[in-house]
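All remarks here apply to the structure that follows.
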Amino acid sequence: MEAVTHGEIAISEQETHHLRDVLRLREGAMVQVFDDTGRVAEATLHFRGQMAIARVQSLAEAPHSKCQIVVASAMPKGNRADWMIEKLSELGVHIFIPMINERSVVLAEGKNKLERWRRIATEAAKQSHRSGVMRIESVQPLATVMQSAATHGTCWQLSTDAVATPIINLPQPPEGCLTVFIGPEGGWSEEETAHFQKAEIPAVSLGKTILRIETAAVAAAAILGAHFDC
């Protein structure tokens, strides 16, 4: 969606088809439009041939959240990845970064796969009425994500280590980005664990059981949203 501003907003051919032929909305119907930044507008729908426009009636700026959740994760197999993207978007995660780890089984390579995830994130944003759309970055090695995340806010790494701190026992993260690292099903390698320790990124636990990647990601996002108001 193009930036939401006062005036008229062009609606894509795909969205026009959905509005007219699936939802069966008619000329003058009230609709809600939003952009990736979280601006939301009430608008009236108008058709011009095969295309549609939304004529903005009122505009609201995106609400400010105390912290923005970034999930940097190894990828699960098959359609489990699609499910994870959908649920993280519903839960209000700000950015998702697919990672390459030493024990990665699945690599999120290819423009088509990323585009599909971006469509899934957009549809989930519509369904959940969240603010904005979860941004999905290109696949990156763990070391690259760590270097960038350390300069933009707080970082936590999910761990099954017995000494890891339960997530609800951690202090409220400061304003800014909170990046949560989630490893592959084979776990972090010794070298990766050493990198986290050197960077002083705390190990965080979600409980006593070993979770699948997508379960851990969704559980962490839900806890952060509910307990820390992220």
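May I ask you to say which residue of His94, His64 is at pLDDT 90 or above and within 23 Å of the chain's Cα centre (by Cα)?
His94
Evaluate the stretch 190-199: report whether one residue or more is part of a strand (DSSP E or B), closer than 18 Å to Asn101 by Cα, in contact (Cβ under 8 Å) with a residue 24 or more places away in the chain and among the hydrophobic types (A, V, I, L, M, F, W, C).
No; the residues of the stretch 190-199 include none that is part of a strand (DSSP E or B), closer than 18 Å to Asn101 by Cα, in contact (Cβ under 8 Å) with a residue 24 or more places away in the chain and among the hydrophobic types (A, V, I, L, M, F, W, C).
Based on this model, can you work out whether Pro184 counts as at pLDDT 90 or above, assigned to a loop (DSSP other than H, G, I, E, B), touching a Ser or Thr at 6+ places or on another chain (Cβ under 6 Å) and buried (at least 17 other Cβ atoms within 10 Å of the Cβ)?
Considered against the rule, which asks whether it is at pLDDT 90 or above, assigned to a loop (DSSP other than H, G, I, E, B), touching a Ser or Thr at 6+ places or on another chain (Cβ under 6 Å) and buried (at least 17 other Cβ atoms within 10 Å of the Cβ), Pro184 comes out as yes.
Here are Ile210, Ile182, Ile136: which of them is in contact (Cβ under 8 Å) with a residue 24 or more places away in the chain and more than 18 Å from the chain's Cα centre (by Cα)?
Being in contact (Cβ under 8 Å) with a residue 24 or more places away in the chain and more than 18 Å from the chain's Cα centre (by Cα) holds for just one of Ile210, Ile182, Ile136, which is Ile210.
Give the number of residues within the stretch 139-166 that are under 20 Å from the mean Cα position of the chain (by Cα), of a type in the set (Gly, Ala, Ser) and not in a helix (DSSP H, G or I).
The total comes to 2.
What is the one condition in (1) in contact with an Asp or Glu (Cβ under 8 Å, 6 or more places away or on another chain); (2) basic (Lys, Arg); (3) not assigned by TED's automatic domain parsing to the domain that holds Pro171 that Arg80 does not satisfy?
(3)
Please return the ranges of strands (runs of 3 or more DSSP E) entirely within the stretch 25-103 where 3 or more residues are surrounded by 15 or more Cβ atoms within 10 Å (Cβ to Cβ) and in contact with a Cys (Cβ under 6 Å, 6 or more places away or on another chain).
67-73
Going through the stretch 104-116 one residue at a time, which ones are surrounded by fewer than 21 Cβ atoms within 10 Å (Cβ to Cβ) and either of a type outside the set (S, T, N, Q) or not in a helix (DSSP H, G or I) (or both)?
Within the stretch 104-116, Ser104, Val105, Val106, Leu107, Glu109, Gly110, Lys111, Lys113, Leu114, Glu115, Arg116 meet the criteria.
Take Glu123 and decide whether it is in a loop (DSSP other than H, G, I, E, B) and surrounded by fewer than 21 Cβ atoms within 10 Å (Cβ to Cβ).
no
The values are calculated or read from the model by the stated rules, or taken from the named source; none is laboratory data. This structure is a prediction, so every number in the text was calculated from the model and none was measured. Quick reminder, even Gly has a Cβ in these numbers, built from the backbone with ideal geometry, and neighbours come from all protein chains shown.
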